[in-house]
Amino acid sequence: MLLANVPFVVALFEYPFLRYALITGVIMGGITPLIGSFVVIRRLSFIADTLSHFSLAGLSIGLFLINIIGFTFISDPLYLAMVFSVIGALFIEILRGYYQNYKEISMPIVMSLGTALSALFISLSGGFNSSIYNYLFGSILTVGDRYLVVISVTAVILVGLVLLFYKEMVIISFDEQYAKLLGIKVNRFQFVSTIILAIVVSLSIATVGVLLVSSLMIIPVAAAMKVGKSFKNTLTIAIVFSETSIIGGLWLSYELNIASGATIVLVNVLILGLVGFFKRFFINKRLKDNQLKIQAK
Amino acid sequence: MRVAVSNLTFGYDYRTVLKDISFRLNSGDFLAIIGNNGSGKSTLVKCILGINKVPSGRISLDDIDITEYHNFKNVGYVPQKFDEFNYEFPITVNEILQVSKYSKVTEDEKLELLDKIGILEIQNENINNLSGGQLQRVFIVRSLMNNPKLLILDEPTVGVDAQNVENFYQTVNELNAEGITIMLITHNIRESNAKFTHMLSLHNGEALFKEVPRGDEE
């Protein structure tokens, strides 16, 4: 990046692509931990990685269709990535039903299929090139206004659904069996949330890339659950951590002229490390005392 | 609530866990289900809750076959060691007990329940800070959030200290006295001061069902 002779804030006013990057990042930073929390509680942390690898198959097939076959009407392979992410999610749900007692088996199966298809179509498209590299590691600076619209619509739908069905989602995530007894349509809820998850995963590819998607969704939640007092409080903290890593990561990557996706993820991991450190050395004893006080009530 | 189980047989894959089990409970009865580990106690209640699909035999709640029963809200269930619950993620007692369109109680009635079971003071605490006995009572309150007519408790006092076990059964006895049918899976029947009316002992998948004099004199 050759812009670094002006400060980040000034550059934001001068360059629209930087503004798009920041706005996209801030929206993703809000919705990924929101959906990520429910994913973590259901112990599906690997699902984001699996779906992002399956999206990569969509991306490489897209590149193959556009560059080799000449299907130029597919304007952006990211749309195919979205479709593949949803297909991957459906595969996972089918396999989870098939292996009732070994549900996690579904993840490596779908992930392998996605990775194999990706490798096949990348080689058919003439091997590795810079656009594949961008999809693997993210290229938030190339996000355009059209993509921003897709992300905004998804964010509005996701936030709307969470607000509408918050209680049901909490009951299902924490205790599926109890939710069924209450008469909540658990399968229907899970189906819808998996589809939305798939769309969010494929959208985050533009921000941090296929290989780093799950970090956006999982790491802020992993840090927040160590210090959160309640479910809502943990959600809020996770979103604050996530936004800090996105804005901080973008700023650092601009100032130091380094890869944006990687910087965002590294800031995320740094926050996780700091939370662990402070909890271990400054908060743990107070928490223990507090716990004893509560148990004496 | 009336519970009728007739000729229930159930197995996992090639292993038969329950063989030809039949019994009948009336409203306000208190059944203790006893048996060794793996004797099929939890399997039996999961059949009654409709969690396990029953291949052979018939189960009815208030004379309605459970395959056609759509109102499990009338059944309160406290699972064994809350094994189905996802821990560690921070959530408060109140967040677990959210009054929703799926619960029959109002916010005020919920507070009354919390007070009655003795956990009103900890309603805003993270459940990961609670003791085993406190957590137990949280799940009892949750199972009562729908004013159940049948309450199923699966080894509810594992890991709870003696004083709290006594308090717990006192509460269960009171609920039973209000007319709620109770099914209690227990490991050690002598340990509890619960006032049973019936006993079902499971051994190698076979059941012995008998009426017992209610332990009022104790």
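Nothing in this text is a laboratory measurement; each read-out follows from the coordinates by a stated rule. Because the structure is a prediction, the values reported are computed rather than measured. Don't worry about glycine lacking a Cβ; one is built from the backbone with ideal geometry, like all the others, and counts go over all protein chains shown.
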Got a sec to turn the phi values of segment A:135-141 into Karplus ³J(HN,Hα) couplings, 6.51 cos²θ - 1.76 cosθ + 1.60 with θ = phi - 60°, whole Hz, x for Gly and Pro?
6, 6, 10, x, 8, 4, 6
Rounded to the nearest 500, what is the protein assembly as shown's calculated 222 nm mean residue ellipticity when only DSSP H runs of at least 4 contribute -39500 (n - 2.57) each, over all residues?
-18000 deg cm²/dmol
Give the Debye-formula value of log10 I(q)/I(0) at each listed q (0.08 Å⁻¹), with one equal scatterer per alpha carbon of chain A, two decimals each.
-0.38
Note down the magnitude of the dipole of chain A about its Cα centre, charges +1 on Lys and Arg C-beta and -1 on Asp and Glu C-beta and zero elsewhere, to the nearest 20 debye.
1380
For the Cα atoms of chain B, what angle does the longest principal axis make with the long axis of helix B:162-177, in degrees from 0 to 90, nearest 10?
70
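What is the magnitude of the charge dipole of segment A:1-98 about its Cα centre, with +1 placed on the Cβ of each Lys and Arg, -1 on the Cβ of each Asp and Glu, and no other charges, expressed in debye to the nearest 20? Walk me through the numbers before you get to the answer.
Numbers: 4 positive and 4 negative charges, 55 e Å.
With only Lys, Arg, Asp and Glu charged at Cβ, the dipole is about 260 debye.
Using a/c under 1.5 as the rounded threshold, could you call segment B:143-210 rounded, prolate or oblate? The axes a ≥ b ≥ c are square roots of the C-alpha gyration tensor eigenvalues, and prolate needs a/b larger than b/c, oblate otherwise.
Oblate, since a/c reaches 1.5 and b/c is not below a/b.
Given 25 °C and 0.890 mPa s, how large is the Stokes-Einstein diffusion coefficient of segment A:116-267 in µm²/s, with Rh as the Kirkwood radius over Cα pairs? Don't skip to the end; give the middle numbers.
Values: Rh = 17.5 Å.
In µm²/s, the coefficient rounds to 140.
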At R0 = 41 Å, how high is the FRET efficiency between A:TYR15 and A:ALA119 if r is their beta carbon distance? Nearest 0.05 is fine.
0.70
Proximal lysine pairs, chain A, alpha carbons under 15 Å, eight or more residues apart or interchain
11
Within chain B, what's the longest run with no chymotrypsin sites (Phe, Trp or Tyr not before Pro) in a DSSP loop and at most 14 other beta-carbon atoms within 10 Å? Give the range, please.
B:88-218
Expected vector for segment B:63-69, Karplus 3J(HN,Hα) from phi with 6.51, -1.76, 1.60 and θ = phi - 60°, integer Hz, x for Gly and Pro, equals 6, 9, 4, 5, 5, 10, 8
For the protein assembly as shown, what is the charge dipole size about the Cα centre, in debye to the nearest 20, if Lys and Arg each add +1 at the Cβ and Asp and Glu each add -1 at the Cβ?
500
What share of Cα pairs, in percent, lie more than 41 angstrom apart in the protein assembly as shown?
34
Honestly segment A:1-136 on the Cα gyration tensor test (a ≥ b ≥ c root eigenvalues; a/c under 1.5 rounded, otherwise a/b vs b/c for prolate or oblate) is just oblate
Which FRET efficiency, nearest 0.05, do B:THR106 and B:SER22 yield, Cβ-Cβ r, R0 56 Å?
0.90
What is the extension gain from B:SER56 to B:LEU208, computed as 0.36 nm multiplied by their sequence separation minus the C-alpha to C-alpha distance, in nm to one decimal?
52.8 nm
One-quarter of the Cα convex hull surface for segment B:92-177, in nm²?
5.5
Give the distance, in whole Å, between the Cα centre of segment B:106-146 and the Cα centre of segment A:232-293.
32
Segment A:70-105 and segment B:169-194: distance between their alpha carbon centers, rounded to Å
49
Dimensions of segment A:188-297 along principal axes (Cα, Å, largest first)?
51, 45, 18
